[in-house]
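Take a look at the structure below.
The values are calculated or read from the model by the stated rules, or taken from the named source; none is laboratory data. The shown structure was predicted, so the numbers you read here are calculated from the model rather than taken from an experiment. Heads up, the Cβs are rebuilt from the backbone with ideal geometry, glycines too, and the neighbour counts pull from every protein chain shown.
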Amino acid sequence: MTSMTDKLDEIDHIVVIMLENRSFDHMLGFLYKDQNNRSPLDHPFEGLTGNERNIDSQGQPIQVFPIPNNEYAYYWPGTDPGEGYSNTNSQLFGDYKTPSANTPASNQGFVTDFAYTLNTHRKNNASSEANWYIAEGTQPKNIMGMYTPELLPVLSTLARSYAVCDHWFCSVPTETLPNRAFVQMATSLGRLNDHDKVYDATSIYNLLEHAQVPWAIYGYDSEPILTRQSLAALPPQPQYGKFGDFAAFKQAANSNQLASYTFLAPEWGVNGNSQHPNYDVAKGEQLLLEIYQTLKNAPVWEKTLLIITYDEHGGCYDHVAPPENAAQPANCPDNLGFNFQRFGVRVPTVLVSPLIEAGTVFRTQSSTPLDHTSILSTVEKRFNLPSLTARDAAAPHVGDVLTLASVRSDDPMAHVIAPSSSAKPPAENGKAEMGPDHLQMAEAHLAGQLPIDKDYHSRYDTHFNTEAEAKEYTHAHYYGYYYNDRYRNR
């Protein structure tokens with residue numbers, strides 16, 4: 001539902017938190033099931049009925065089901081599903097190859113693709129030093145397990161108390177870095193995988209810098225190394241932008257120094273709060289509550305719009321076929337027969353502001369659906385910036401979600417408690433500790449390319465036994481390059 005009243009000019013601060021690899025149905029599909037998929041405002045909600053199903057490799061139907069509320073509920077679906085371009089094709093079309101134009105997606109390949117991925121992980125773990133985490137008892141049918149509002153009280157309460165976007169799609173049907181590129185630059189330069197990590201294209205931060213509009217990118221336990229180093233066009237020492245950790249974000253909000261546009265990155269890795277499968281989803285719930293409480297209790301609250309989203313679906317089930325009317329950026333050439341005109345799978349997106357009416361289900365009236373470049377179009381509209389590519393030029397903004405004449409004074413999250421996990425599930429491969437994940441390795445790779453002085457190794461070390469080793473290497477190179485004296489004196 002949308003409004004004809006745009007109050008975007010009353011927002012001075014736009015804050016985005018982008019989490020990892022969860023689909024809309026997986027996280028929010030049951031949000032309004034008890035109300036026949038209608039919100040309290042009687043907005044239609046494209047959630048789950050409970051009858052959605054996939055067929056497994058034996059031809060048996062596997063129906064969606066609530067994830068059981070046991071001690072391992074927050075480690076679902078049990079391992080990392082397939083999340084790349086080929087896997088996504090298999091999940092949507094039943095074949096890993098690029099489909100012909102206008103081929104309808106059936107979304108019937110999630111169980112069989114998860115079975116393939118699970119089998120591949122097990123073979124790799126048995127034959128090499130691969131460290132795919134597989135919780136004991138993980139089965140292909142797990143991919144049809146969906147979180148309930150009771151298991152996700154933070155995300156679900158925010159979605160019910162403000163606005164949920166049930167037609168928000170990731171920008172490209174593939175994995176993390178191309179989608180994170182679209183939310184920064186409205187292009188992936190034609191890339192469909194995480195292999196190439198540096199993107200030499202103009203970003204939203206370049207536009208803000210040129211317009212002298214304050215911006216900031218914050219990591220969680222450190223500065224946003226992956227985001228900063230992947231954006232080649234960023235000035236090394238921007239005049240209007242800043243980088244920091246989550247503590248710096250909180251300090252900026254509390255001291256009324258929050259930037260006009262703020263992008264937050266979670267903590268990567270098995271011990272982090274990114275919610276990437278198969279990591280602890282409860283830690284992401286804790287992060288969301290802390291972000292909300294920080295903004296709600298800060299002097300910037302009344303003029304802030306918080307956007308909670310996920311970079312891509314990560315192989316998790318969703319029943320809605322992605323549209324095929326995306327605008328192809330000129331600098332995003334065809335790859336593997338794919339022309340970047342089909343969006344990726346739906347992802348959870350929640351909009352939070354005291355100018356949003358509780359119970360809103362927000363959709364656009366445009367024929368082009370909401371996707372990650374809608375964040376860019378919103379920032380561009382609010383701060384009078386040009387578009388980056390054809391994609392964000394065509395993307396609808398979210399200003400119409402702000403419908404209230406005056407700011408709300410209630411706090412719907414006042415009594416919400418974030419969940420926690422009592423223990424990690426036992427690993428099927430018997431490993432006591434996993435090594436760094438692919439995003440931590442990407443950070444290490446990017447940091448290792450920095451031309452630091454002779455007191456530090458400038459070679460990228462490809463082998464780390466633990467997350468701690470990878471993070472130590474990454475931080476030494478990153479802080480050694482940007483804050484040489486400060487880092488040495490720690």
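Suppose we keep only residues that are of a type in the set (A, V, I, L, M) and crowded, with 22+ Cβ neighbours inside 10 Å within region 380-411. Which one would you say is farthest from Tyr292 (Cα to Cα)? Here the answer is Leu388. For Ile55, work out the one condition from (1) hydrophobic (A, V, I, L, M, F, W, C); (2) crowded, with 17+ Cβ neighbours inside 10 Å; (3) over 18 Å from Arg346 (Cβ atoms) it doesn't fulfil. Going through the list (1) hydrophobic (A, V, I, L, M, F, W, C); (2) crowded, with 17+ Cβ neighbours inside 10 Å; (3) over 18 Å from Arg346 (Cβ atoms), Ile55 breaks only (2). For region 94-117, a residue qualifies if it is within 24 Å of Asp280 (Cα to Cα) and more than 23 Å from the chain's Cα centre (by Cα), and the qualifying residues are Ala115, Tyr116. Six or more apart or on different chains, Cβ under 8 Å: which pairs go from a residue in region 136-147 that's under 15 Å from Thr120 (Cβ atoms) to one that's surrounded by fewer than 21 Cβ atoms within 10 Å (Cβ to Cβ) and among the small types (Gly, Ala, Ser)? Could you list them? Close Cβ pairs satisfying both conditions: Pro140/Ser57; Pro140/Ala115.
Within region 358-379, restricting attention to residues that are at pLDDT 95 or above and surrounded by fewer than 19 Cβ atoms within 10 Å (Cβ to Cβ), the residue that is nearest to Asp411 (Cα to Cα) is Ala358.
Every residue, every condition in (1) within 24 Å of the chain's Cα centre (by Cα); (2) among the polar types (S, T, N, Q); (3) surrounded by 21 or more Cβ atoms within 10 Å (Cβ to Cβ); (4) at negative phi, yes or no:
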| position | (1), (2), (3), (4) |
| --- | --- |
| Asp6 | no, no, no, yes |
| Gly29 | yes, no, yes, yes |
| Tyr32 | yes, no, yes, yes |
| His43 | no, no, no, yes |
| Leu48 | yes, no, yes, yes |
| Gly59 | no, no, no, no |
| Leu92 | yes, no, yes, yes |
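From the list Leu41, Leu28, Leu19, the lone residue that is touching a strand residue (DSSP E or B) at 6+ places or on another chain (Cβ under 8 Å) and under 16 Å from Glu150 (Cα atoms) is Leu28. Among residues that are farther than 23 Å from His121 by Cβ and at pLDDT below 85, Asp411 is not included.
Scan region 141-148 and tell me whether some residue there is of a type in the set (A, V, I, L, M) and in a loop (DSSP other than H, G, I, E, B). Scanning region 141-148 turns up no residue that is of a type in the set (A, V, I, L, M) and in a loop (DSSP other than H, G, I, E, B). For region 134-185, which residues satisfy the criterion of being modelled with pLDDT under 95 and among the β-branched types (Val, Ile, Thr)? Matches in region 134-185: Ile134, Thr138.
Report yes if some residue within region 384-392 is under 29 Å from Leu48 (Cα atoms), in contact (Cβ under 8 Å) with a residue 60 or more places away in the chain and out of contact with any Phe, Trp or Tyr (no Cβ under 7 Å at 6 or more places or on another chain); otherwise report no. There is no residue in region 384-392 that is under 29 Å from Leu48 (Cα atoms), in contact (Cβ under 8 Å) with a residue 60 or more places away in the chain and out of contact with any Phe, Trp or Tyr (no Cβ under 7 Å at 6 or more places or on another chain).
Annotation note: of Ser100, Ser90, the sole residue that is within 25 Å of Arg342 (Cα to Cα), assigned by TED's automatic domain parsing to the domain that holds Arg346 and touching a helix residue (DSSP H, G or I) at 6+ places or on another chain (Cβ under 9 Å) is Ser90.
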